[in-house]
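The values are calculated or read from the model by the stated rules, or taken from the named source; none is laboratory data. Computed from a prediction, not measured in an experiment: that's the story for all the values here. As a convention, Cβ positions derive from the backbone with ideal geometry for all residues, glycine included, and neighbour counts pool all protein chains shown.
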Amino acid sequence: MLKLIVLVVVVLLAIVLIYAATKPDTLHVERTIDIKATPEKLFPLINDFRQWDAWTPYNKDPAMKKTFSGSASGKGAMYAWEGNKEVGRGEITITDTTPPREIVMALHMIQPFEGHNHVVFSLDAKGDATTVTWTLEDKHTYFMKVMSLFLNLDKMIGGDFEVGLAKLKTVAEK
C-alpha cells in the first residue's frame with residue numbers, strides 16, 4: 001500500500017513538473033488608466049524616481065532604505081531600495097526615454113526572488129486626457145514557471161500596478 005501511495009505522489013509530481021515546462025517562457029503584465037492630465041504633466045512624475053513617493057504602490061515599508069544615483073531624472077537615473085519582506089531588495093534604472101511619450105526601465109529584483117524585468121510606461125494623449133500604460137515583461141525561469149502554477153503573478157503584480165496608476169491619477173489630477 002505504501003508503494004502505491006509513493007507511486008501516485010511521484011506520478012502527480014511528474015505531471016506538475018511536466019505541465020510547468022509547457023508554460024510560457026515570458027510573463028507579460030499590463031495595466032492601463034485614463035488620467036485627465038497632459039503627457040507633459042505626467043511624464044516628470046514617472047521619469048524622476050524622487051517623484052515616485054507620491055504614487056508608487058511599493059512603499060510598503062516605512063523603514064525602507066532608498067538610494068538615488070546616476071542622472072537626476074531620465075536616462076541613467078537609478079533607484080535602489082532595501083526593505084522588509086514585502087518590498088525586498090532591488091534596483092531600477094531608466095534606460096531610455098522619449099519625452100513625453102515613453103519611459104523604458106530595467107528592473108533588477110534581488111530579493112525575495114532574483115529577476116531581471118523590462119518595464120515600460122507609455123503615455124498616449126487622448127483629447128484632454130492621457131492613457132497611461134504600465135507594462136512589465138519577465139523571462140520565466142523553470143522555477144518561476146512552477147511557482148506560476150500556484151501563484152497568479154498577473155493578478156499580484158497587476159494589482160500593484162492598478163493601485164499605483166490610481167494614485168498617479170490622484171496626484172496628476174490635483
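Quick look at the values:
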item: Residue check, LYS174 of a type in the set (Lys, Arg) and either within 21 Å of ALA54 (Cα to Cα) or assigned to a strand (DSSP E or B) (or both); result: yes
item: Qualifying residue in segment 45-66 (condition: part of a strand (DSSP E or B), under 30 Å from HIS140 (Cβ atoms) and in contact with a strand residue (DSSP E or B) (Cβ under 6 Å, 6 or more places away or on another chain)); result: yes
item: Residues that are touching a Ser or Thr at 6+ places or on another chain (Cβ under 8 Å), of a type in the set (Val, Ile, Thr) and under 25 Å from GLY115 (Cα atoms), drawn from segment 127-174; result: VAL132, THR133, THR135
item: In segment 147-171, residue surrounded by the fewest Cβ atoms within 10 Å (Cβ to Cβ) [restricted to those that are without any contact (Cβ under 8 Å) to a residue 60 or more places away in the chain and assigned to a loop (DSSP other than H, G, I, E, B)]; result: PHE150
item: Scan of segment 85-119 for residues that are farther than 21 Å from ASP48 by Cβ, surrounded by fewer than 16 Cβ atoms within 10 Å (Cβ to Cβ) and not basic (Lys, Arg), ordered by number; result: GLU86, ILE110, GLN111, PRO112, PHE113, GLU114, HIS116
item: Conditions (1) in contact with a strand residue (DSSP E or B) (Cβ under 9 Å, 6 or more places away or on another chain); (2) modelled with pLDDT of 95 or more; number of the one not met by VAL171; result: (1)
item: Residue that is modelled with the highest pLDDT, among those in segment 130-142 that are surrounded by fewer than 16 Cβ atoms within 10 Å (Cβ to Cβ) and not charged (D, E, K, R); result: THR131
item: Residues that are of a type outside the set (D, E, K, R) and surrounded by 14 or more Cβ atoms within 10 Å (Cβ to Cβ), drawn from segment 55-68; result: TRP55, THR56, PRO57, TYR58, ASN59, MET64, PHE68
item: Boolean, SER122 is at pLDDT 95 or above and either in a loop (DSSP other than H, G, I, E, B) or surrounded by fewer than 18 Cβ atoms within 10 Å (Cβ to Cβ) (or both); result: no
item: All positions within segment 96-147 that are over 17 Å from HIS28 (Cα atoms) and small (Gly, Ala, Ser); result: ALA125, GLY127, ALA129
item: Tally of residues being of a type outside the set (S, T, N, Q), at pLDDT 85 or above and not in a strand (DSSP E or B) across segment 24-44; result: 9
item: Residue list for segment 38-72, restricted to those being hydroxyl-bearing (Ser, Thr, Tyr) and under 19 Å from ARG101 (Cβ atoms); result: THR38, SER71
item: Residue check for THR26: over 23 Å from LYS126 (Cβ atoms), in contact (Cβ under 8 Å) with a residue 40 or more places away in the chain and among the polar types (S, T, N, Q); result: yes
